[in-house]
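A short write-up of the structure that comes next.
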């Protein structure tokens with residue numbers, strides 16, 4: 001009978017913590033937004049470039065670029081990105 005050791009459990013916890021830190025760093029380095037979409041409701045994307053109230057947004061799924069008024073977008077909260085507390089959307093502060 002195989003009994004996993006404590007060190008294996010700690011190792012997997014350490015790997016999970018490292019993965020969570022990497023995801024958090026990816027989230028922090030970009031301004032993530034929900035982009036209104038006629039077909040799918042809202043899609044995730046990140047702002048690559050801003051000029052006045054218009055943003056060039058790279059869509060997370062597929063990488064296509066959309067121009068939109070940033071006042072129409074919703075910011076993506078850290079809780080959504082971490083997937084720890086479900087999906088939370090908040091209006092971008094302007």
When only residues in the stretch 42-76 that are outside any strand (DSSP E or B) and in contact with a strand residue (DSSP E or B) (Cβ under 7 Å, 6 or more places away or on another chain) count, which is modelled with the lowest pLDDT?
-> 73
Take the residues in the stretch 18-49 that are farther than 18 Å from residue 74 by Cα and over 9 Å from the mean Cα position of the chain (by Cα), then tell me which one is surrounded by the most Cβ atoms within 10 Å (Cβ to Cβ).
-> 20
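The values are calculated or read from the model by the stated rules, or taken from the named source; none is laboratory data. Note that the coordinates shown come from a computational prediction; the quantities given were computed from them, not determined experimentally. Note that we place each Cβ from the backbone using ideal geometry, even for glycine, and neighbour counts take in every protein chain shown.
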